[in-house]
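Read the structure below first, then the notes.
The values are calculated or read from the model by the stated rules, or taken from the named source; none is laboratory data. Here the structure is a predicted model, which means the values were calculated and not measured. Neighbour counts run over all protein chains shown; Cβ positions are idealised from the backbone, glycine included.
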Amino acid sequence: MHHRTVKAALAATALAAVLALSACTAAGTATATPDASSAATEGAPGTGGSAVGFIMVGPRDDFGYNQAVYEAAQVVGESYPDLEILTAENVPEDDTAVATMEQMIDRGAKVIFATSYGHLDAATKVAAAHPDVVVVQQGNTIEGAPLANMGTYFGTVYEPMYLAGIAAGEATESNKLGYVYAFPIPQTIANINAFQRGAASVNPDVETVTVSTSSWCDPGAQKDAASSLLSQGVDVITQHQDCTKTVIDATEAAGAFTVGYHADASELAPQGWLTGAVWDWAPLYGQIVDNITAGEFVGGPFNANYRVGYKTGTNPFVLADFGTSVSEDTKAAIAEAQAWLGTEDGSPFVGPVLDQDGATVVPDGVIPTYDEVDGMNYFVDGVIGSLAN
Amino acid sequence: MSAPVIVKPPEDSPSDRAVAPRQAQALRIGAGVLRWVLAILGAMVIFSILISFQGANPLEVFVDMWASTFQRPRSLTEILIRMAPITLAALAVVLPARAGMMNVGGEGQVIVGAVGAAGVGLAFDQTLPGGLVMVLMAGGAVVAGAAWAGIAALLRLVFNVNEAVTTLLLNFVALDLLLFLIYQPWRESPTAQPSSREVAVGAQLPTLGSTGVTIGIVVALVATLALGWALARTRWGFKLGVVGGNAEAARRAALPVTALLLSALLVGGALAGLAGWIELSAVELKLRPGFGMQIGYIGFLASWLARHRPLPVLIAAFVLAALSVAADSLQLDSGLPAATINILTSLLLIAVLGWTTMKGRKP
Amino acid sequence: MSIVVDVLSGGVRGGTSILYAGVGETVSERAGVINLGTEGAMLAGALSAYMVASHTGNPWAGALAGAAAGGAISSVHAVLVVKRKANQFASGLAVLFLSLGLTSLFGSSYVGKTITPFTVWEVPLLGDLPFIGPILFQQDPLVYLSYLVVPLVWYVLFRTRAGLLVRTAGARSEALTVHGYSVARIRMGAVITGGFLAGLGGAHLSIAYTNSWFENMVAGRGFIAVALVIFASWSPLKVFGGAYLFGAALSLGPALQARGFEINQFALHVIPFVLTLVVLAVLGRRTISAAPAELKRVFENAPVDP
């Protein structure tokens, strides 16, 4: 028995020793490399780094959101041979993201892209603790004035979704479209609404049935959602999930049409692929990194909620190639609508816009601003589903 | 399996210190240390082989992991922050184990503890002073964690249903309770990802000076020392050991077995609840869908690594926390998935569980 | 399609992976060993099935590989608890973490790969039956296989000598020793068989149900399977009902949503677990008395109050 007591004592001593040792080495490291921190306080936030970090919520080859991020990150690496590109996959949308970003900072990163909507809290924490580092967040919105070393950026995803809605509205025979989404966040709501309005612009009888999975990537839940939609007679399915493979696969197997999202996944649906909205982040990432490394971030365009769309001409969301079943007439209609969206009077949400209860939410002739669309909290007329999900 | 009928004294009682000759004792300790060293080496070798299949150089991986985990300015802070809830979740297993019970429900008790703390915080953090709210939240966590373990205790003591089964099932109920709350009643905004409102700044756990380490680790240390003292030096601790050794004998010795079992589970649940409070008020600040994921199970394993003894729990929790900090290095330095760290962690556990004790121990 | 058919067919489809794992866990627990690593065995099965299906183009080869991987990783648990007398709960969790790590390490390059999956095959005649047809007979081949495997497991457990040995290992292991059987070998066999079935469940998830591989995609189904065995009071046939109940609870949410209903799905998810707890409380001794005796000893370090 008693040797266990000795063991416990030994163990406690060992713990104390390890703690002391770590403290010493930690202190040693801190004093040994004073250049990194002191140099940064002289320069502007985000300058003087040797690396750029990207954190992603899912795997980098998900046929979706994270794959688009990863590929663009690699392009940034090619344009900046002096900067090491640090990428981290499967970073949860909780406090562990803070540690991962700080590990990137310890490896020389002065610029960090926190690329999932739910990374905003962690990004804010890191930006507040590291004034010399710039953290930009993809897709969420900062309320009030952002910190001097923080901003968000995104494209107007709903514009290409409106166009894809046109293709869906022409393709459907049951007049029922399906939408599998993760969470009812404003950008998703705007996408669903734009998709329905695009479809209704060519097919007044169409409706869009929505199902949420409560996860950016849960193949089991996605399969359940797609099955429920298909059994309702839906014959075109699109989605707002990070990993898109499962839903596309289920849709193709059922002989229904697919509208893709995030990435061109037409290889997964050779029969049913219509089109899709696809990210091309590389040009925007390049602009952001240029801006930050030149020391121009503070007070600049990216030190805010930066949004681009067809009107600014630099939407990182582009339309994927069309599938074989899309007719020339439909393609022409889409091209026309795309040109219209780029003009002053063009928007998926030109009033009158009615909500699900038939109440007018955008008055006749009014065009909501990008900011207003970013704050959407209702489904439009023709969408089946409850936001309370 | 058959336990001796005699009533055992507490394990570290000084009475048998003089019995064993010193040499034999030294030999046994030497053999024990050797087993541990071999177990750890074995785990590292197998891990090396596995990652080299994926093209990684094991030596570089270990060097990078060491540097990343122990030599960055922030690494000790990160380890201590992660270690605090793991320690408390492990103590939640240690205590019932002393009374011969198995608490597999730390996971749920941590979650419910955080839910209790959040409930109190959401109710009062806009009206009462921050320091008071912080203490009230801790109280809410303790009550909630104890109550959750109390359900299992009730089922065992009244309906005779085993606590290992019920605590495990209650983990899933706890997770669904958390999700239910943050998807509707406690949701900060209907058009955001589900989460509760952030704990008010004043009610968050303060840090120790400028270190970034929150007082969570102090709470964990104090709880460990207090539990160690209580088990070794109080009548309560002694009686728990007796019940754990042989409840029948304990009953014959007129010990209040039911009350003792109940107290062990309730205090265990309260400790896990505290872990949830610390994770909420010091780390996450909001309840989110993945809240506290695996802290309970990792604590369970920490308790086994430590052979259900309070002080060694600190080492086990430190090692497990350090391993989780090392995960980022695998990804950032070696290009391996971060979750690969689970291989090393589990091999270590398997080696320790299977190969550091003599065969024939009580399972 | 009516919502009842929709939910029930979804329950069968989504419950099948849980069914395989639950039946496997029943075998293991009947021999006196609880395996929390079932979740890990399912993960290993899901990845291996996906890998092999991707390389061979043959989903049956994938299913076999998935089952083999589930058995292989469970053999770690078997050795730890049977040979090394490690604590069953701790060992199971360690195996789960091992599987999480291994599947992450070797699975990352398969996330973007595509496979030839099992496809839905409608059984002639039976598939045309009203109500029953779409629920039971418009499914994939691994679902049909489960209709055969589960009764087979029941038959082996309760009507054959091998089954008697397994049950005796769980009920009165001394009796085996007296007759010269190796309890250790029988228990190892039962645990590995359980892992084999859990691996098949994982394979259903990756190559018949979702046709995808993602890190940690089993998402708790293995733990549900362990709970299910208690719910089913260690009977393979009752596992059928339980698995489909869990499956239906998972598919009721989307089915209601697709019809425009407002629903907090977690109020649904929790039902099977609460039901299990209530059953345990109400039936108390009766349920637990259905448990294999040696398994009860695993649970109970100390005797319960009279």
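Summed over the range C:44-62, residues that are small (G, A, S) and in contact with a Phe, Trp or Tyr (Cβ under 8 Å, 6 or more places away or on another chain) total 3.
Restricting attention to the range A:75-114, which residues are touching a residue at least 12 places away in the same chain (Cβ under 8 Å) and either part of a loop (DSSP other than H, G, I, E, B) or not assigned by TED's automatic domain parsing to the domain that holds A:V134 (or both)? Correct list: A:Y80, A:D82, A:L83, A:E89, A:N90, A:V91, A:P92, A:E93, A:D94, A:D95, A:R107, A:G108.
Considered as a group, the residues in the range A:34-70 that are among the acidic types (D, E) and in a helix (DSSP H, G or I) include one that is modelled with the lowest pLDDT, and that residue is A:D35. Close Cβ contacts (under 8 Å, 6 or more residues apart or on different chains) running from residues in the range C:264-281 that are at positive phi and surrounded by fewer than 23 Cβ atoms within 10 Å (Cβ to Cβ) to residues that are of a type in the set (K, R) and modelled with pLDDT of 80 or more are absent.
Residue-wise test of (1) within 11 Å of chain C (Cβ to nearest Cβ); (2) not in a helix (DSSP H, G or I).
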{"residue": "A:S174", "(1), (2)": "no, yes"}
{"residue": "A:L177", "(1), (2)": "no, yes"}
{"residue": "A:I189", "(1), (2)": "no, no"}
{"residue": "A:R197", "(1), (2)": "no, no"}
{"residue": "A:A221", "(1), (2)": "yes, no"}
{"residue": "A:I237", "(1), (2)": "no, yes"}
{"residue": "A:I248", "(1), (2)": "yes, no"}
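For the range B:169-196, a residue qualifies if it is part of a helix (DSSP H, G or I) and either more than 7 Å from every other protein chain (Cβ to nearest Cβ) or of a type in the set (D, E, K, R) (or both), and the qualifying residues are B:L170, B:N171, B:A174, B:L175, B:D176, B:L177, B:L178, B:L181, B:I182. Would you mention how many residues in the range B:295-316 are more than 9 Å from every other protein chain (Cβ to nearest Cβ), buried (at least 24 other Cβ atoms within 10 Å of the Cβ) and over 25 Å from A:D95 (Cβ atoms)? Residues flagged as more than 9 Å from every other protein chain (Cβ to nearest Cβ), buried (at least 24 other Cβ atoms within 10 Å of the Cβ) and over 25 Å from A:D95 (Cβ atoms) within the range B:295-316 amount to 0. Candidates C:A255, C:A227: the one that is crowded, with 18+ Cβ neighbours inside 10 Å and either without any contact (Cβ under 8 Å) to a residue 24 or more places away in the chain or within 14 Å of chain A (Cβ to nearest Cβ) (or both) is C:A255.
If only residues of the range B:51-78 that are over 18 Å from A:R107 (Cβ atoms) and either aromatic (F, W, Y) or not in a loop (DSSP other than H, G, I, E, B) (or both) are counted, the one that is farthest from the other protein chains (Cβ to nearest Cβ) is B:L59. Counting residues in the range C:55-68 that are in a helix (DSSP H, G or I), over 18 Å from C:Y20 (Cβ atoms) and more than 14 Å from chain B (Cβ to nearest Cβ) gives one or more. Take the conditions (1) in contact with a helix residue (DSSP H, G or I) (Cβ under 8 Å, 6 or more places away or on another chain); (2) in a helix (DSSP H, G or I); (3) away from every other protein chain (no Cβ under 14 Å); B:A123 misses just one of them, which is (1).
Each residue in the range A:265-284 was checked for being more than 20 Å from A:D235 (Cα to Cα) and surrounded by fewer than 23 Cβ atoms within 10 Å (Cβ to Cβ), and 5 of them qualify. Does at least one position in the range A:163-175 carry a residue that is touching a residue at least 60 places away in the same chain (Cβ under 8 Å), closer than 23 Å to A:A97 by Cβ and either touching a helix residue (DSSP H, G or I) at 6+ places or on another chain (Cβ under 9 Å) or surrounded by fewer than 22 Cβ atoms within 10 Å (Cβ to Cβ) (or both)? No, every residue in the range A:163-175 fails to be touching a residue at least 60 places away in the same chain (Cβ under 8 Å), closer than 23 Å to A:A97 by Cβ and either touching a helix residue (DSSP H, G or I) at 6+ places or on another chain (Cβ under 9 Å) or surrounded by fewer than 22 Cβ atoms within 10 Å (Cβ to Cβ) (or both). Among the criteria (1) touching a strand residue (DSSP E or B) at 6+ places or on another chain (Cβ under 7 Å); (2) more than 23 Å from C:I135 (Cβ to Cβ); (3) not aliphatic (A, V, I, L, M), the one C:T276 does not fulfil is (1). What about B:V142, is it within 14 Å of chain C (Cβ to nearest Cβ), under 24 Å from B:T258 (Cα atoms), in contact (Cβ under 8 Å) with a residue 40 or more places away in the chain and buried (at least 23 other Cβ atoms within 10 Å of the Cβ)? No; evaluated as a whole, the condition is false for this residue. Within the range A:285-307, no residue satisfies the criterion of being at positive phi and either among the acidic types (D, E) or crowded, with 18+ Cβ neighbours inside 10 Å (or both). Among the residues of the range A:127-137, those that are buried (at least 24 other Cβ atoms within 10 Å of the Cβ) and within 14 Å of chain B (Cβ to nearest Cβ) comprise A:V133, A:Q137.
Residues that are β-branched (V, I, T) number at least 3 in the following helices (runs of 4 or more DSSP H) confined to the range C:137-233: C:141-159, C:183-203, C:221-231. Residue-level check: of (1) surrounded by fewer than 24 Cβ atoms within 10 Å (Cβ to Cβ); (2) more than 27 Å from A:V350 (Cβ to Cβ); (3) of a type in the set (D, E), A:E207 misses just (2). Name the residues in the range A:203-219 that are free of Cβ contacts under 8 Å to residues at least 12 places away in the same chain and within 7 Å of another protein chain (Cβ to nearest Cβ), would you? Within the range A:203-219, just A:D218 meets the criteria. Please verify whether B:W355 is over 27 Å from B:L178 (Cα atoms) and surrounded by 23 or more Cβ atoms within 10 Å (Cβ to Cβ), treating the condition exactly as stated. So B:W355 does not fit the description; no.
Residues in the range C:104-136 that are at the interface with chain A (Cβ under 10 Å from one of its Cβ atoms) and outside any helix (DSSP H, G or I) were compared, and the one that is surrounded by the fewest Cβ atoms within 10 Å (Cβ to Cβ) is C:T119.
Here's the yes/no breakdown for (1) in a loop (DSSP other than H, G, I, E, B); (2) touching a residue at least 12 places away in the same chain (Cβ under 8 Å); (3) more than 18 Å from the chain's Cα centre (by Cα):
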position	(1), (2), (3)
C:D6	no, yes, yes
C:G11	no, yes, no
C:G15	no, yes, no
C:Y20	no, yes, no
C:G24	no, yes, no
C:V27	no, yes, no
C:G32	yes, yes, no
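Condition first: surrounded by fewer than 24 Cβ atoms within 10 Å (Cβ to Cβ) and in contact with an Asp or Glu (Cβ under 9 Å, 6 or more places away or on another chain). Now tell me which residues in the range A:223-255 satisfy that. Once the filter is applied, which keeps residues that are surrounded by fewer than 24 Cβ atoms within 10 Å (Cβ to Cβ) and in contact with an Asp or Glu (Cβ under 9 Å, 6 or more places away or on another chain), the range A:223-255 yields A:S227, A:S231, A:Q232, A:D235, A:A254, A:G255. Given the options C:G180, C:G127, name the one that is without any contact (Cβ under 8 Å) to a residue 40 or more places away in the chain and on the phi > 0 side of the Ramachandran plot. Result: C:G180 is the single residue among C:G180, C:G127 that is without any contact (Cβ under 8 Å) to a residue 40 or more places away in the chain and on the phi > 0 side of the Ramachandran plot.
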